[in-house]
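What follows is a set of notes on a single structure, which appears directly below.
The values are calculated or read from the model by the stated rules, or taken from the named source; none is laboratory data. No experiment lies behind these values; they were computed from the predicted model shown. All Cβ positions, even for glycine, are placed from backbone atoms using ideal geometry, and neighbour counts span all protein chains on display.
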Amino acid sequence: MRGLTKCIAACFAVALMFSFAFSDVVSASTGKNTDSINEKFGLPIVVVGDSLSEAQKEQVREDLGVTNTDNIEEIPVTADDIVKYINGDANSRMYSSAMITREDEGHGLDVQIVTPDNITQVTVDMYKNALLTAGIEDATVDVASPVKVSGHSALTGIYKAYDTADGNLDPERTEVANDELDLATDLAQKEGLDNEKVTQLLTDIKQQIAEQNPATREDVEQIVTDQLSKLEISLSDEDRQLLIDLFDKMRELDINFDGVKSQLDDIATTIQDKIDEVAGNDGFWQSVKDFFKSIGDFFKNLF
């Protein structure tokens, strides 16, 4: 009987440990409450992929934490929109959706992918980088999809939401922002690179552009070359030229990255933390292995 009591107690302890371990994950996925209206900025805008079924649209609303549909403005995102905002294919299917809540100046840009298993290519930091390039600086953005997609079409919806709200988006900036996202996801598929490394590269280049204010294409090329060398990234001549072309477009548009330098610093810090975490995974998994071994030993001793 004493052995059974110990067994129950041990099981309870293990369950309690896992409840604490995963509490952050659960709380991070609960979404936003839409019971209250922000009278300063108007209703949050939920952009819903037009290819979704009614049941899938309802799932998206639930994933985005929509508790009261009267307190949001919902608009569809169509293939025509992907052509208009990011020069996409008119035959595209639109699945990934988003909720955009404008925030006070200085709030910064908060992006969360609430269905991470279904957004397979675009990361939170890739969205942040592209949106900062497009001129979206103070907002909370939640992205969701009920099916597995790359995540590119959600960017179209975010642009449409801002265009609907105030019409102040610069189409040239949104075009170069989409070029940036396309290049980022393409580079992340290359051998020896990953999402974090690519985002670190793009962010570091933007930081150097903010600091150095390059006046010519040659200046941009030097910044790109220096950052590739610093991060020990080797690209083909073609990919290297695509990178230079992208940031030279940004130079010609005179994008003021200095104005969002603190947000770029935050992205850089987050990425470095992720890289450090990956580097330390061996120790983490060894500790997990040791923990379960100790539990096994405990149950052996009971009997």
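Evaluated against (1) closer than 30 Å to S53 by Cα; (2) touching a helix residue (DSSP H, G or I) at 6+ places or on another chain (Cβ under 6 Å), D166 falls short on exactly one condition, (2).
For the range 25-44, state whether one or more residues are among the charged types (D, E, K, R), out of contact with any Leu (no Cβ under 7 Å at 6 or more places or on another chain), more than 14 Å from I100 (Cα to Cα) and at pLDDT 85 or above. So far as the range 25-44 goes, no, none of its residues is among the charged types (D, E, K, R), out of contact with any Leu (no Cβ under 7 Å at 6 or more places or on another chain), more than 14 Å from I100 (Cα to Cα) and at pLDDT 85 or above. Exactly one residue out of Q189, Q212 is surrounded by fewer than 17 Cβ atoms within 10 Å (Cβ to Cβ) and touching an Asp or Glu at 6+ places or on another chain (Cβ under 9 Å): that is Q212. Considering Q212, Q227, Q286, the condition of being more than 24 Å from the chain's Cα centre (by Cα) and modelled with pLDDT of 90 or more is satisfied by Q212 alone. Of the residues making up the range 141-179, those that are buried (at least 21 other Cβ atoms within 10 Å of the Cβ) and of a type in the set (D, E, K, R) are D142, K160. The residues listed here are T140, T199; of these, the one that is under 24 Å from T270 (Cβ atoms), of a type outside the set (D, E), in contact with an Asp or Glu (Cβ under 9 Å, 6 or more places away or on another chain) and not assigned by TED's automatic domain parsing to the domain that holds V46 is T199.
Where helices (runs of 4 or more DSSP H) sit wholly within the range 106-202, those with at least 1 residues that are more than 17 Å from the chain's Cα centre (by Cα) occupy 153-165, 171-187.
When you check V66 against the structure, is it crowded, with 18+ Cβ neighbours inside 10 Å and in the same structural domain as T101 (by TED's automatic domain parsing), yes or no? When the stated conditions are applied, V66 passes them.
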